[in-house]
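To start, the structure under review is shown below, and the notes come after it.
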Amino acid sequence: MTTLDAPPTVEGAGLVGRSVARPDVPPKLDGSFEFSNDLSVPGMVFGATVRSPVARGVLRSVDTAPALAMPGVLAAFTVDDVPGDRWIGHIVRDQPVLADGEVRHHGEPIAFVVATSQAQAWRAADAVVVDIEPLEPVTDPEVALAEGAPALHPDGNVYRRLELRRGDLTERAPVEVHGTWETGRQDQAFLGPESALAVPDADGGVTVHAATQDLHLDREQVAAALGLPEELVRVRLAGVGGAFGGREDVTCQAHLAMAARALGRPVKTTYRRDESFLAHPQRHPSRYRYTIGADADGTLRYVRARVVLDGGAYASTSGPVLGSACYFAAGPYRVPAVEVVGEAVRTNNPVAGAMRGFGAVQACFGIESTLDLLAAELLIDPVELRRRNALRPGDVFPTSGQPFDATVDVVGLLDRCLALPLPDPDEVPMPAEGDPYAFPGGTGRTSTGEGVRRGVGVALGIKNHLYGSGMAEWSLASVRISAAGAVVRTAATEVGQGLTSALVQVAGDALGGMPVRVATADSEAGYAGSSSASRQTWMASGAVLSACRRAVEELALVVARRHAVDPADVGLADGRVVVAGRPLELADALGPEVVDAGGRYDAPRTHPGDPTTGQGDVHVSWMAVAHRAVVDVDTELGVAKVVQVATAQDVGRAVNPREVRGQITGGISQGVGLALTEHLDAPGGLVANGSFTDYLIPTAADMPEVVADVVEPGDPQGPLGLRGAGEPPSLSSTAAVAAALRAATGRPVTRVPARPQDLIAP
Amino acid sequence: MLEEVAVTVDGTPVALEAELTDSLLRALRDAGRTQVTGGCEQGECGSCSVQLDGVLVASCLVPAVVCSGAEVRTAPGLLGDDLAEAFARRGAVQCGFCTPGIVVAAESVLARAKDEGHALTPPEVREALAGNLCRCTGYEGIVAAVVEVSERRASVVPGSGA
Ligand code: FES
Ligand code: FES
């Protein structure tokens with residue numbers, strides 16, 4: 001193959017950095033976009049899942065005969081029908097495909113029934129007779145850790161224990177504060193319930209059309225459960241109705257693939273909302289016990305934290321979530337000595353796993369709340385305390401000892417956040433004035449106006465983007481250029497965040513403005529990793545850029561040959577191919593020929609961390625954010641209204657400013673939800689509020705005004721200078737609201753979501 | 001037992017087939033009208049909003065068999081070009097699952113405001129859309145787009161052809 005001395009000249013189209021239109025929006029507006037539960041193929045039949053009604057028990061028998069006797073019922077599957085591995089899982093294979101001998105959480109799948117209609121499948125699932133001898137569930141992680149606790153699984157009760165140690169841990173500071181903090185079980189509550197379609201293939205394999213975050217993780221687990229080589233399992237992305245971490249784990253995919261192969265027919269299922277609450281892992285409930293030592297002027301001397309995460313019945317992502325929960329437990333602060341000891345624990349509660357912020361949300365609530373205690377103890381302004389201790393260029397990260405990225409200006413973010421305007425009017429409104437939603441309690445006029453107090457709180461958030469911790473991390477993409485334009489193929493998943501549109505921008509610029517279409521993500525396009533950890537725009541952009549560069553070189557060679565010019569005289573500009581100074585339409589330049597090129601991006605390497613102290617370069621780099629919340633609380637009723645959230649967020653570079661803003665407002669809405677209403681309650685391990693009637697996410701009437709300053713210093717490592725943008729809005733918005741609630745009420749607010757009884761003034 | 005229920009959907013006659021217990025949402029989707037989405041089937045999320053003989057309803061709460069002869073309007077039948085443009089420009093759509101329901105609710109309140117001859121304020125829009133959950137956007141782009149379109153429609157003089 002001929003090669004070029006220098007890459008061809010490509011004039012970018014100026015797409016990156018502009019709020020260009022998203023290609024997926026028109027079909028989403030007119031309803032023609034196909035979500036996973038809209039898929040339909042001839043001969044399709046429907047599945048339904050039989051779930052455990054108890055949190056823990058011995059599964060004595062499963063009688064599917066009554067279901068099979070019903071009209072239209074085609075098959076019923078139990079663990080004995082699983083052709084391959086009985087155990088699957090995101091990282092650790094500790095979760096039965098269908099319950100095997102013991103059930104460990106409410107809603108655990110026990111059997112899968114297939115019928116000719118979805119309604120009949122649900123009725124048949126109800127007819128399956130399950131005999132379970134209930135056992136006493138263990139629902140408190142500290143009880144599960146205690147000596148003599150029953151082993152809840154052959155793997156034991158501890159998913160991971162992590163110890164981080166740095167500096168001289170023997171000294172005592174003149175001032176010490178202690179705080180204990182708890183966070184609730186937040187559900188991702190994506191609006192489109194779990195749904196997928198599995199179609200048997202002629203080669204004995206199966207294609208699963210799934211709404212998922214990671215096609216290859218799904219493929220790996222489905223192939224294992226089916227006992228098939230991975231090449232025979234294809235996973236294609238079906239339209240995703242929101243994810244936020246809740247689609248990282250396999251739910252129905254393996255059941256459907258197993259049924260489709262056994263029956264030789266396409267099988268689809270859609271979960272009901274109550275089922276969705278039982279089916280995917282939620283954010284880990286946490287308990288943090290802090291001791292912070294400081295000098296009298298507020299200079300931090302040490303941070304000690306003991307972290308317990310309730311991992312629920314199966315491992316899911318508990319291991320890495322614990323990593324995040326511990327590494328961010330000292331926030332973005334300069335601390336000479338740190339000791340964090342964390343455990344993620346198995347219980348009989350709902351499975352916990354990934355949700356936006358991935359352990360760092362809990363850590364942020366803990367460290368920021370404890371810092372406010374210190375500020376109160378020292379009579380120092382909480383903002384000043386943060387400014388004094390924030391990481392600066394030349395510092396090392398407090399928990400890992402890794403040199404901190406000097407382009408992340410933590411103090412600058414704090415100052416820019418505080419410089420944003422306060423709400424107008426800057427006082428508590430009276431209920432009679434204008435907007436009924438401006439007042440705690442809303443249109444119900446619950447509050448009479450007396451006892452309403454305003455509070456303001458500030459918090460800083462920090463988290464890594466990308467996986468880190470020594471994981472090899474890469475992404476593949478390919479580009480095909482023909483007369484009609486370019487088609488980008490990757491397995492990176494669009495989950496609503498706007499990835500498709502970002503890749504159109506990135507490829508459009510790299511290909512001199514030629515028309516670009518992004519094909520539906522498919523496992524056959526090569527590994528891309530998950531849309532999680534605020535990583536996918538970074539990773540997929542890196543791969544697409546690499547593929548585009550190669551495609552341009554190849555295109556120059558092809559065009560040069562066809563037009564008998566030197567390859568050095570071929571360039572791209574304004575959506576045209578410039579051949580020896582003459583702009584030609586793509587079709588004229590390329591004729592019937594097609595150019596194919598693949599690309600790969602490898603993330604900067606990280607270190608797994610020292611096994612005893614956790615020290616090392618465990619993160620690629622960091623995303624930092626500042627939040628300021630203003631709340632009004634009726635301190636007699638304990639009813640709160642978040643009036644405004646201000647934020648300064650470092651996004652490195654905004655690929656699409658409008659979509660970055662959408663991540664900010666959406667992430668803050670989830671942060672506000674965790675602060676005030678969102679907790680999936682599971683007394684005795686049994687989910688009690690699995691519906692949108694009882695699990696309350698913010699509505700349009702609940703959302704505060706958001707004022708944002710998006711900071712773009714450029715990341716030195718990220719492709720195009722971008723950093724992750726998805727998680728930071730959720731990192732510290734909750735902590736800022738909690739601080740504002742404390743300021744308004746004088747109450748300690750030691751747990752989120754804060755309940756009315758936590759907000760009644762003394 | 002399946003009953004046949006004749007309706008029109010956005011002006012086109014459609015023969016729905018429904019059991020007594022089926023909701024209008026389910027019957028519409030079974031008939032391939034998947035532009036109506038179901039996020040909860042309990043009347044809580046608003047994704048299934050349609051206009052039934054001109055009235056905004058949660059189609060998951062309406063039994064299909066009572067809809068015989070009804071005129072059903074869904075997002076593609078109601079969405080004005082101005083609202084589509086404003087939704088896209090303002091970032092009102094991310095995953096899009098809530099979108100068809102929000103379009104129906106928004107066009108319903110926009111029509112009411114136009115009839116009453118005024119433009120909607122942000123609090124009015126927030127109240128009107130409080131029954132439509134969106135988990136992705138934080139509602140900012142949605143509310144801004146509806147307010148903007150309402151102002152524009154209110155300033156158009158009827159009969160001016162603008
Ligand atoms: S599906 Fe009808 S309100 Fe949610
Ligand atoms: S855009 Fe995803 S729920 Fe609204």
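Summary of values
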item: Helix-only CD estimate at 222 nm, as mean residue ellipticity for chain A, using -39500 (n - 2.57) per DSSP H run (n ≥ 4); result: -7000 deg cm²/dmol
item: Compactness of segment A:1-123, expressed as Rg and Dmax over alpha-carbon positions, Å; result: 24.3, 73
item: Given charges at beta-carbon only (K, R positive; D, E negative), |dipole| of the protein assembly as shown in Debye; result: 960 debye
item: At least 24 Å along the helix axis (C-alpha) and Kyte average at least -0.5, DSSP helices within chain A; result: A:360-378, A:536-563, A:657-676
item: Solvent-accessible ranking of A:ARG416, A:ARG386, A:ARG172, A:ARG454, largest area first, probe 1.4 Å; result: A:ARG172, A:ARG416, A:ARG454, A:ARG386
item: Inverse mean reciprocal Cα-Cα distance (Kirkwood Rh) of chain A, Å; result: 27.3 Å
item: Isotropically averaged projected area of segment A:567-638, using the convex hull of Cα atoms (one quarter of hull area), nm²; result: 14.6 nm²
item: Antiparallel %, DSSP beta bridges [both residues in the protein assembly as shown], to 5; result: 75 percent
item: Equivalent ellipsoid semi-axes, segment A:501-577, via Cα gyration tensor eigenvalues times 5, rooted, Å; result: 28, 13, 10
item: Taking segment A:606-733 and dividing mean pair separation by its residue count, relative contact order in percent (alpha carbons under 8 Å, at least six apart); result: 34 percent
item: Net dipole in debye of segment B:79-155 [+1 Lys, Arg Cβ; -1 Asp, Glu Cβ; about Cα centre; nearest 20]; result: 180 debye
item: Antiparallel %, DSSP beta bridges [both residues in segment B:3-74], to 5; result: 90 percent
item: Where A:ASP140, A:ASP274 fall by accessible area, highest first, once all protein chains stay in place (1.4 Å); result: A:ASP274, A:ASP140
item: Percent of C-alpha pairs per 10 Å bin, segment A:676-762, short to long; result: 13, 32, 31, 17, 8, 0
item: Relative contact order of chain A, defined on C-alpha pairs under 8 angstrom at six or more residues apart (%); result: 17 percent
item: Kirkwood Rh in Å, taken over all unlike Cα pairs in segment A:614-655; result: 13.9 Å
item: Average projection area in nm² (convex hull over Cα atoms of segment B:1-100, one quarter of hull surface); result: 6.3 nm²
item: Percentage relative contact order, chain B, counting C-alpha pairs under 8 Å, at least six apart; result: 22 percent
item: Amide H within-cut-off set for A:THR212, under 5 Å, with H built and near neighbours excluded; result: A:ALA238
item: All lysines inside 20 Å of A:LYS268 as judged from Cα atoms, apart from same-chain residues fewer than 8 positions distant; result: none
item: Sequence-distant residues sharing a close amide H with A:PHE404 (under 5 Å, placed H); result: A:GLY394, A:ASP395, A:VAL396, A:PHE397
item: Equivalent ellipsoid semi-axes - Cα gyration tensor, segment A:272-390, angstrom; result: 32, 14, 10
item: Rounded FRET efficiency, nearest 0.05, which uses the C-beta distance separating A:LEU4 from A:VAL707 and R0 of 35 Å; result: 0.10
item: Sites excluded, GluC sites (Glu not before Pro) in DSSP loops with at most 13 other C-beta within 10 Å, longest stretch of chain A; result: A:172-426
item: Residues listed by number, segment A:503-538, amide nitrogen under 17 Å from A:ALA573 label point at 7 Å toward C-beta; result: A:509-514
item: Helix runs (DSSP H) in chain B reaching 20 Å along axis by Cα, Kyte-Doolittle at least -0.5; result: B:99-116, B:140-155
item: Summed residue charge, Cβ within 14 Å of A:ALA13's Cβ, Lys/Arg positive, Asp/Glu negative; result: -1
item: Carbon + sulfur, % of accessible area of segment A:715-762 - ligands and nucleic acids excluded, 1.4 Å; result: 57 percent
item: Rg/Rg_globular for segment A:607-676, with Rg_globular taken as 2.2 N^0.38 Å and Rg from C-alpha atoms; result: 1.61
item: Projected-area mean, segment B:79-155, by convex hull of Cα positions, square nanometres; result: 4.3 nm²
item: Local net charge near A:VAL408, Cβ-Cβ under 11 Å (Lys/Arg +1, Asp/Glu -1); result: -3
item: Test item: B:30-41 mean partner chain Cβ contacts at 10 Å; result: 5
item: Charge dipole (debye, nearest 20) of segment B:3-74; +1 at Cβ of Lys and Arg, -1 at Cβ of Asp and Glu; result: 240 debye
item: Peptide A:236-246 - average C-beta neighbours from other chains (10 Å radius); result: 3
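The values are calculated or read from the model by the stated rules, or taken from the named source; none is laboratory data. All values derive from a computational prediction rather than experimental measurement. Glycine also receives a Cβ, built like all others from the backbone with ideal geometry; neighbour counts cover every protein chain displayed. The accessibility values were calculated without ligands, DNA or RNA, using every heavy atom of the protein model including side chains. Shrake-Rupley method; radii C 1.70, N 1.55, O 1.52, S 1.80 Å.
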